[in-house]
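The values are calculated or read from the model by the stated rules, or taken from the named source; none is laboratory data. Keep in mind the model is a prediction, meaning the values are calculated, not measured. Cβ: placed from backbone, ideal geometry, glycine included. Neighbour counts: every protein chain shown.
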Amino acid sequence: MAKFSDIKGFVFDLDGVITDTSVFHSQAWHQVADKVGAPWSKKLEDGLKGISRMDSLEMILKAGNLSDKYTDDQKVALATEKNTNYLKLVDQMTPDNILPGIKAFLDEIKDHGYLLSLASASKNAPKVLEKLQLTDYFPKIVDPKTLSKGKPDPEIYLKGAELIKLKPEQCIGVEDAAAGVASINAAGETSIGIGDKQTLKDADINFENTSEMTLANIQKQMA
Ligand code: G6P
Ligand code: MG
């Protein structure tokens, strides 16, 4: 693991880290699964975290052995329906939807001069940040449209570091998804996993929930 004193920036995931939109994504995908008749499980729900829209749909169809049942156009229609339902939930969001301790942590790292970027697979990330009134904290956002591979590939976290002109070893990546932690690790950044220790067992540092994430707690776990 890198030394705490080497760290100059943070690359953040959004859904499930800054705000609990992962619950909204799950709710909207669950509707799609019910519609197509694919079985919904906690394992599938966890596996979808951090995964792009079309790849998520493919995973749901696969779980129901339905991959060949839909044409590409029908798949796009299903994904669009999911997104419409998801956006209805996003529309109701306010800054109250920021997860506990996150605003304080963002202020803390900003005040200490760390650089910040966003590495979310979501094409809706700018809209979610706007609803949370956090747009100003993230002038640098990886555009998921420019990615050739999604998480767990390192590409998104490498771009997150590049946007703030840092080497991966100078960055900490923050994630709630196993695929995301794998992406951070493969990029050569230090990984923080927020949530279940077992699910996120590959993370360098684990916090049960966002309120535990402070610079002092991170420093304690790094040399
Ligand atoms: C994040 C979420 C996933 C979501 C993906 C794409 O990674 O964790 O659940 O599927 O973004 O989001 P989008 O808003 O573009 O459909
Ligand atoms: Mg996430």
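Remarks
- Residue that is nearest to ligand 2 (Cβ to nearest atom), among those in region 1-25 that are surrounded by fewer than 20 Cβ atoms within 10 Å (Cβ to Cβ) and either more than 16 Å from Val128 (Cα to Cα) or of a type in the set (Val, Ile, Thr) (or both): Val23
- The listed residue being more than 25 Å from Asn185 (Cβ to Cβ), of a type in the set (A, V, I, L, M, F, W, C) and modelled with pLDDT of 95 or more, out of Met59, Met93, Met54: Met93
- Close pairs from region 196-210: first within 14 Å of Ala182 (Cα to Cα), partner part of a loop (DSSP other than H, G, I, E, B) and of a type in the set (Lys, Arg), Cβ under 7 Å, at least 6 apart: Asn206/Lys197
- Matching residues in region 96-126 - criterion: being in contact (Cβ under 8 Å) with a residue 40 or more places away in the chain, over 20 Å from Ile218 (Cα atoms) and in a helix (DSSP H, G or I): Asn97, Ala125
- Screening the candidates Met93, Met54 for the property of being assigned to a loop (DSSP other than H, G, I, E, B), farther than 25 Å from Gln198 by Cα and not aromatic (Phe, Trp, Tyr) yields one hit, Met93.
- Test result for Ala216, in contact (Cβ under 8 Å) with a residue 60 or more places away in the chain and in the same structural domain as Lys151 (by TED's automatic domain parsing): no
- Restricting region 14-29 to residues that are of a type in the set (Gly, Ala, Ser) and outside any loop (DSSP other than H, G, I, E, B), the residue that is modelled with the lowest pLDDT: Ser22
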